[in-house]
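The values are calculated or read from the model by the stated rules, or taken from the named source; none is laboratory data. Just so it is clear, the model here is predicted, and its values are computed rather than measured. With ideal geometry, Cβ positions are generated from the backbone for all residues, glycine too; neighbour counts draw on all protein chains shown. To get the accessible areas, we keep the full protein, side chains included, count just its heavy atoms, and leave off ligands, DNA and RNA. Shrake-Rupley method; radii C 1.70, N 1.55, O 1.52, S 1.80 Å.
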Amino acid sequence: RGESVWVAHFLCYILRETAELLEYLSREVMCPSASYLTEAAERYREQYAVVAGAVNERCWDGDWYIRGIRDDGDVIGSSRNTEGRIFMNAQSWAVISGVADDDRARTAMDSADRLLITSRGPKILSPSYTQVDPGVGLATRCVPGKKENGSIFNHVAAWAILANAL
């Protein structure tokens, strides 16, 4: 019942990249199914637009993208939250996927850089959770600053670097 905004960004990335691959194959591969590849690419682009539009309409918090929506409908990764207010993955993948337009991309990454970057790299989320919350999951079961509860991860760092470069 809950929704992951980061996974929605990732889905958009996959739809966009697959559409580009299908277009390439339809041009380069001389086969009877070339028109099918073009039609499939168009369907993927249409789905990209639907998902990206929904994310931009419902998941922009003003200065960054929320992380997700819990099963009970509460929001994770919002400026309204006292813990787990911002998550790097939702910001970096908004840029990597192309879901964020230029203004939102800059705003989201500026917020992420301001609130998540440390001298050792970017934290996955901030501030860390201090109370176990089954509606959020694993992050709240870890000690603050450890593992999924505000730690620094190589993949998070790589995605933050890529998003800032883009």
Quiz item: Picking from A112, A139, which residue would you name as being in contact with a helix residue (DSSP H, G or I) (Cβ under 9 Å, 6 or more places away or on another chain) and assigned to a helix (DSSP H, G or I)?
Solution: A112
Quiz item: Taking segment 137-152 on its own, how many of its residues are within 16 Å of A112 (Cα to Cα) and surrounded by fewer than 17 Cβ atoms within 10 Å (Cβ to Cβ)?
Solution: 1
Quiz item: For S92, are the conditions met, namely being on the phi < 0 side of the Ramachandran plot and surrounded by fewer than 16 Cβ atoms within 10 Å (Cβ to Cβ)?
Solution: no
Practice problem: For segment 148-159, state whether one or more residues are touching a helix residue (DSSP H, G or I) at 6+ places or on another chain (Cβ under 8 Å), assigned to a loop (DSSP other than H, G, I, E, B), more than 23 Å from L15 (Cβ to Cβ) and polar (S, T, N, Q). | Solution: yes
Quiz item: Which of the residues that make up segment 115-127 are in a helix (DSSP H, G or I) and either in contact with an Asp or Glu (Cβ under 6 Å, 6 or more places away or on another chain) or farther than 16 Å from W93 by Cβ (or both)?
Solution: L115
Self-check item: Candidate set: segment 8-39, residues that are without any contact (Cβ under 8 Å) to a residue 24 or more places away in the chain and within 24 Å of the chain's Cα centre (by Cα); chosen: the one farthest from I96 (Cα to Cα)
Solution: L22
Practice problem: Select from segment 7-42 the residues that are open to solvent by less than 60 Å² (accessible area, probe 1.4 Å) and closer than 30 Å to S78 by Cα and list them in ascending order. | Solution: A8, H9, C12, L15
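Every residue, every condition in (1) of a type in the set (V, I, T); (2) under 14 Å from the mean Cα position of the chain (by Cα); (3) at pLDDT 95 or above, yes or no:
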residue: V99; (1), (2), (3): yes, yes, yes
residue: D103; (1), (2), (3): no, no, yes
residue: A112; (1), (2), (3): no, yes, yes
residue: I117; (1), (2), (3): yes, no, yes
residue: P122; (1), (2), (3): no, no, yes
residue: G135; (1), (2), (3): no, no, no
residue: G145; (1), (2), (3): no, no, no
Quiz item: Would you say D133 is of a type outside the set (S, T, Y), assigned to a helix (DSSP H, G or I) and farther than 16 Å from H9 by Cβ?
Solution: no
Practice problem: Note down all Cβ pairs under 6 Å where the first residue falls in segment 117-136 and is free of Cβ contacts under 8 Å to residues at least 24 places away in the same chain, the second is of a type outside the set (A, V, I, L, M, F, W, C), and they're at least six residues apart or on different chains. | Solution: V132/T140; V132/R141; D133/T140
Exercise. Could you tell me whether D71 is at pLDDT 95 or above, surrounded by fewer than 24 Cβ atoms within 10 Å (Cβ to Cβ) and either under 13 Å from S4 (Cβ atoms) or of a type in the set (D, E) (or both)?
Key: no
